[in-house]
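One structure is given here, and the rest of the page talks about it.
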Amino acid sequence: MKTEARELALRADLAKRQLEEAALPALLTTKQAAALAGCGTRTWWRWTRSGVAPAPLKIGGGVRPAVRFNRDELLAWIAAGCPRV
């Protein structure tokens, strides 16, 4: 009985997460990418600079281009167990 309830709870959590992921835009901000990975923005930047997490996309030119992260690339990275890239 308890295993059935636990399995239903896990399925509900998975369905909720899938809906949340589907609602995310294709290009994520640093804050969104960090939240998806379950860490803070400073940790996220440290991971991207050291090659632990996927590198950002730079959009535009100039001194401070916009920085975004590919949602599908991040989801694949998380699904693979967050290997070094």
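Couple of notes before you dig in:
- Cβ-Cβ contacts under 9 Å between residues 6 or more apart (or on different chains), taken from a first residue in region 46-61 that is without any contact (Cβ under 8 Å) to a residue 40 or more places away in the chain and surrounded by 16 or more Cβ atoms within 10 Å (Cβ to Cβ) to a second residue that is of a type in the set (Lys, Arg) and in a strand (DSSP E or B), are listed as Pro56/Arg68.
- Residues of region 20-30 satisfying the condition of being part of a helix (DSSP H, G or I) and more than 10 Å from the chain's Cα centre (by Cα): Glu20, Ala22, Ala23
- The number of residues in region 69-85 being farther than 18 Å from Thr30 by Cα and either touching an Asp or Glu at 6+ places or on another chain (Cβ under 8 Å) or not in a helix (DSSP H, G or I) (or both) comes to 4.
- Members of region 32-68 that are more than 24 Å from Arg17 (Cα to Cα) and not in a strand (DSSP E or B): Arg46, Arg49, Ser50, Gly51, Gly60, Gly61, Gly62, Val63, Arg64, Pro65
- Taking each residue of region 73-85 that is closer than 18 Å to Arg17 by Cβ and looking for partners that are part of a helix (DSSP H, G or I) and of a type outside the set (Lys, Arg) with beta-carbon atoms closer than 8 Å, six or more apart or interchain, yields Leu74/Ala33; Leu74/Leu36; Leu74/Ala37; Leu75/Glu21; Leu75/Leu36; Ile78/Leu36; Ile78/Ala37; Cys82/Ala37.
We did not get these values from a lab; they are worked out from the coordinates using the rules stated. What you are looking at is a predicted structure, and each value in this text was computed from that prediction instead of being measured. All Cβ positions, even for glycine, are placed from backbone atoms using ideal geometry, and neighbour counts span all protein chains on display.
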